[in-house]
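S.K.: Take a look at this one; I'll ask things after.
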Amino acid sequence: MAKINDNYLKLKAGYLFPEIGRRVRGFAAAHPEAKVIRLGIGDVTQPLTPTILKAFHDAVDDLAQASSFMGYGPEQGYDFLIEAIIEKSYKPLGVELKNTEMFISDGSKCDCANILDIFALDNTVAIGDPVYPVYNDTNVMIGRTGEADEKGYYQGLVYLPCTEENGFMPAFPKERVDMIYLCFPNNPTGAVATKEQLKGWVDYALANDSVILFDAAYEAFITDPSIPHSIYEIEGAKKCAIEFRSFSKTAGFTGVRCGLVVVPEELEGTTSTGGKYSFNKLWLRRQTTKFNGASYPVQKAAAAVYSEAGWKETKENIDYYMENARIIREGLSEAGLTVYGGVNGPYIWLKTPAGLTSWDFFDKLLNECNVVGTPGSGFGPSGEGYFRLSAFGNRDNVIEAVERIKKNLK
Ligand SMILES: *Cc1c(COP(=O)(O)O)cnc(C)c1O
């Protein structure tokens, strides 16, 4: 009989969202009159903007005529999209990239997972705690770890706690590591990294020959002009960092699917015989073999995000979500809660009051306010005692949820 990849058996069952669903269904069955408001989701709610939608439609129409039909495109993505992103999104940051350094994909979750293909299994890896679970679980699946301990830490990974004490900015690992995942603005804590803090990480990586895997899925939500949007704003980062971006949260593409990876040509790793080799070449080889490109209409729609009208509309949606974030952040503070995030990212990370566990607070919020959020402990052991609310909801619901919290939790 064929053997399975039993690394998968080390994974703990997807527990967080099913358990949230179970508790919400139980509550709704017992209180059919209650209007439950969900501020737990990490999904956007605003529709595609008119300019993006028109580009999407027009590109579908291109497929209807033999004269404009498009079949397989370049595996790395179309130059029209790569050039739009480089010109409109990286150049204004002072970051120069070559077309060959950017790879368009069908989203950043797959990229964060697939990138592991081009790294040796015996590399040591550091991840944040709490963390976007994809970084952790994909390292388990590929066989880089042992079993999880009772807290949920997998043997072989280096966890970097992000807590109130360190301002949700992890300390450098005590032992040297080969790969480090960083996500700023952060999901779930909403924390951002200043130029000086990112420079610290770049300097660490250069000194230790490490590679930073930088997840910038929320860069478009940064409001403070001094906060870097890209790790390549830091000198030397092209020698030590891979950057991931996504159109999902930026432009409402969670159901459309488009993302990108930047793998600079200067970034090198070591071969088993001690030579140097380009990660860019490996990723190109990986993508051309295992991927056939994001769809043409999707890439046309994505390029429209960076048109003048498209960006204006996109920015309005981002501002809408960030106004939600402000309402949640300020309302919760008024209710006496300690809140973090929500200024340069769409997540509010609050400290549970009176020493409640994350799940205790989940139940309290559900029962007393009929509001659903996400227990921080679901993102890692250091998330215990915290709770995530998302700003991606609809304005009226956000206002009502905050009013209920102010009234009931004060
Ligand atoms: C939502 C999200 C992504 C983007 O995922 P897609 O696959 O592009 O939809 C990447 N990283 C983090 C931390 C996220 O929260």
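The values are calculated or read from the model by the stated rules, or taken from the named source; none is laboratory data. All figures in this text were calculated on a predicted structure; none of them were measured in a lab. When we count neighbours, we look across all protein chains shown, and the Cβ atoms used for this are built from the backbone with ideal geometry, even at glycine. Protein only, heavy atoms only, side chains kept; ligands, DNA and RNA dropped before computing areas. Shrake-Rupley method; radii C 1.70, N 1.55, O 1.52, S 1.80 Å.
S.K.: Heavy-atom accessible area per residue, the stretch 72-307, 1.4 Å probe: how many Å²?
M.R.: 39 Å²
S.K.: On a straight-distance basis, which lysines could pair with Lys54 in a cross-link, Cα separation under 23 angstrom, same-chain partners fewer than 8 positions away excluded?
M.R.: Lys88, Lys249, Lys300, Lys312, Lys315
S.K.: Give the shape of the chain as rounded, prolate or oblate, defined through the alpha-carbon gyration tensor: a ≥ b ≥ c are the square roots of its eigenvalues, a/c under 1.5 means rounded, and otherwise the shape is prolate if a/b is larger than b/c and oblate if not.
M.R.: Oblate.
S.K.: With a/c under 1.5 counting as rounded, go ahead and sort the stretch 201-242 into rounded, prolate or oblate using the C-alpha gyration tensor (a ≥ b ≥ c being the square roots of the eigenvalues; past the cut-off, prolate if a/b is larger than b/c, else oblate).
M.R.: On the way: a/c = 3.02, a/b = 2.02, b/c = 1.50.
Prolate shape, in that a/c is at least 1.5 and a/b is the bigger ratio.
S.K.: By average Cβ neighbour count within 10 Å, what is the ranking of 316-324, 134-142 from highest down?
M.R.: The densest-packed peptide leads the list: 134-142, 316-324.
S.K.: Using a simple charge model, +1 on the beta-carbon of Lys and Arg, -1 on the beta-carbon of Asp and Glu, nothing else, what dipole does the chain show about its Cα centre, in debye to the nearest 20?
M.R.: In total the dipole reaches around 680 debye.
S.K.: How much of the DSSP bridge set in the stretch 72-307 is antiparallel, in percent, rounded to the nearest 5?
M.R.: If we restrict to bridges inside the stretch 72-307, about 45 percent are antiparallel.
S.K.: On to the next question. If I model a spin label at Thr223 and Glu164 as a point 7 Å from the Cα along the Cα→Cβ vector, what separation in nanometres do I get?
M.R.: 2.3 nm
S.K.: Any chance you could run the full-extension gain for Glu266 through Lys281? It's 0.36 nm times the residue separation minus the Cα-Cα distance, nm to one decimal.
M.R.: Full extension of this stretch gives 4.3 nm more.
S.K.: So for each of 370-377, 334-341 I average, over its residues, the number of other beta carbons within 10 Å; can you give me the resulting order with the highest mean first?
M.R.: Result, highest mean first: 370-377, 334-341.
S.K.: Run the numbers on the chain and let me know its relative contact order in percent, using alpha-carbon pairs under 8 Å that are six or more apart.
M.R.: Across the chain, relative contact order equals 23 percent.
S.K.: How many angstrom lie between the Cα centre of the stretch 346-396 and the Cα centre of the stretch 220-291?
M.R.: 31 Å
S.K.: May I pose another question? Would you calculate, for the chain, the mean residue ellipticity at 222 nm contributed by helices, counting each DSSP H stretch of 4 or more residues as -39,500 (n - 2.57) and dividing by all residues, to the nearest 500?
M.R.: Using -39500 (n - 2.57) per qualifying helix, the result is -10500 deg cm²/dmol.
S.K.: Residue separation times 0.36 nm, minus the C-alpha to C-alpha distance between Asn408 and Cys110: what's the value?
M.R.: Here the answer is 103.2 nm.
S.K.: Let me ask something additional. Using a basic spin-label model with each label point 7 Å from the Cα along Cα→Cβ, how many nm lie between Lys12 and Phe80?
M.R.: Taking the two extended label points, one gets 4.7 nm.
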